[in-house]
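The values are calculated or read from the model by the stated rules, or taken from the named source; none is laboratory data. Because the structure is predicted, anything quoted here is derived from the model rather than measured. Quick reminder, even Gly has a Cβ in these numbers, built from the backbone with ideal geometry, and neighbours come from all protein chains shown.
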Amino acid sequence: MASEIRTDRISIPALAREAIFTAAVVLALAVPLIGIQIIDVGGGISYVTHFDRVAYGTVAVFLGRLALGSFIRLHQQRRIRTDDPAGWMTRLGTIISTHAKPIGIAGICLAILLPFSNNYYVDLGTTVLIYIMLGWGLNVVVGLAGLLDLGYVAFYGVGAYTVGLLATNFGFSFWTCVPLAGLFAATFGIVLGFPVLRLRGDYLAIVTLGFGEIIRIVLLNWASVTGGPNGIGGIPRPSFFGLPFARTAPPGQMTFAQFFHLDYSPEHRIVFQYYLILALALITNLFISRLRKLPIGRAWEALREDEVACRAVGINPTSIKLSAFAIGAMFAGIAGSFFAARQGFISPESFNFTESATILAIVVLGGMGSQMGVVLAALVMVVLPELGRSFAEYRMLLFGAAMIGIMLWRPGGLLRHRIPSIRLHRGTAELPGKIAEEAAP
């Protein structure tokens, strides 16, 4: 019998079989999709073949799958041999988590200085901050409470349409609409929470996915109120304490540039919106960080770990789930209100399932429950596609490959190490014994 070179997990022949099987699947799919192209020739239909591309692609997939399997096998061997099986990424995550405060202060300083660059980076930074705020809101539901929500974009849309409808139909200002958007979104979060109180895992995900699609379909078909596929336009921009960022103002009023004796520039509005979403994101972070240290935050984490144990110690899962849905939805509604005011136009296409998947990917890739991880994942998810504009045809392919790689090598997320909500300091374990000795007669 031929001898095989084996590791603790997989053998070399097994790697080759997997690579051959993967290449065969790619070949079967690529021949009809890429290998044969239908063309129009003088009013008739003909075809051309691209079997050379199919061959090159199949060979590349075979070699890539073989190299990937070999890398995973060597990585597993290294984890078995070394004293630190977690690797350098875990150590880096530990360092970032334990030094989160100085790193966060440095990040805030860089964010404050960003508007001194060109408008492209300011606009990109605004988009990143919107996704960071959405990620922190969903992190309450998924990362802390452990409730898989695939329809989170519905609350984002509720907040946006709240601003659009109130501002265009009733003349409400942006500053009045922001708390109302958060309130309405939180109400929808509670409405969603009641039907799913007894659901877990996949069933919960399916119901929340359906809820998100219901909201989108309602926005799309209730044309008399939402404008249907045409959306809502003419949404007023945020003002600086009543000072509009415009070239001219109505009689008796002043613009931002006139009040501060500046020359009018569209950059004033762009920079102001950037600082506004930065302030909203920081408030969101402080609010959630404070909640994590309160009993409700600890109850969220307890619910995530074991719902049965929560009931055993007297925690009411119903109120905990509803609070998580409501608070997470509130921040999505506030982010949606800023999105509507920033764009000046909203439509149902801005709130499809792709947005929910992107926000959920930010939470999962960053490390569920990690505030700093959400920031890092949002930067990766938003900035990297912008840097890859020259590879526009392959952006989604590269993006999907990157996500698969992260899930293979970092299934817990980029920063899966989290600072615990409660630390047991030295001597804490001796407290029960000391208390018993002091209580003894």
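Numbers at a glance
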| read-out | value |
| --- | --- |
| Which numbered condition residue 235 misses (of (1) part of a loop (DSSP other than H, G, I, E, B); (2) touching a residue at least 24 places away in the same chain (Cβ under 8 Å); (3) out of contact with any helix residue (DSSP H, G or I) (no Cβ under 6 Å at 6 or more places or on another chain)) | (3) |
| Test: residue in the stretch 218-227 that is closer than 30 Å to residue 148 by Cβ, more than 27 Å from the chain's Cα centre (by Cα), assigned by TED's automatic domain parsing to the domain that holds residue 272 and of a type in the set (A, V, I, L, M, F, W, C) | yes |
| Within the stretch 359-406, considering residues that are at pLDDT 70 or above and of a type in the set (S, T, N, Q), the one surrounded by the most Cβ atoms within 10 Å (Cβ to Cβ) | 370 |
| Contacts under 9 angstrom Cβ, first residue in the stretch 144-168 being outside any helix (DSSP H, G or I), partner of a type in the set (Asp, Glu), 6 or more apart | 145/301; 146/301; 146/305; 146/307; 148/202; 151/213; 152/355 |
| Answer residue from the stretch 238-271, given it is of a type in the set (A, V, I, L, M) and assigned to a loop (DSSP other than H, G, I, E, B) and is farthest from residue 158 (Cα to Cα) among those | 262 |
| Residue count for the stretch 4-32, restricted to those that are of a type in the set (D, E, K, R) and modelled with pLDDT of 80 or more | 2 |
| Those residues of the stretch 28-46 which are surrounded by fewer than 10 Cβ atoms within 10 Å (Cβ to Cβ) and either in a strand (DSSP E or B) or acidic (Asp, Glu) (or both), in sequence order | 38, 39, 40, 41, 44, 45 |
| Condition broken by residue 114, with the remaining ones in (1) assigned to a helix (DSSP H, G or I); (2) crowded, with 22+ Cβ neighbours inside 10 Å satisfied | (2) |
| Residue satisfying all of: in the stretch 47-72; surrounded by 12 or more Cβ atoms within 10 Å (Cβ to Cβ) and outside any helix (DSSP H, G or I); farthest from the chain's Cα centre (by Cα) among these | 49 |
| Output for the stretch 169-181, where each listed residue is in a helix (DSSP H, G or I) and either surrounded by fewer than 24 Cβ atoms within 10 Å (Cβ to Cβ) or among the aromatic types (Phe, Trp, Tyr) (or both) | 169, 170, 174, 175, 176, 178, 179, 180 |
| Within the stretch 353-384, considering residues that are in contact with a Gly (Cβ under 9 Å, 6 or more places away or on another chain) and among the polar types (S, T, N, Q), the one farthest from residue 301 (Cα to Cα) | 356 |
| Qualifying residue in the stretch 289-304 (condition: within 31 Å of the chain's Cα centre (by Cα), modelled with pLDDT under 90, farther than 22 Å from residue 164 by Cα and in a loop (DSSP other than H, G, I, E, B)) | yes |
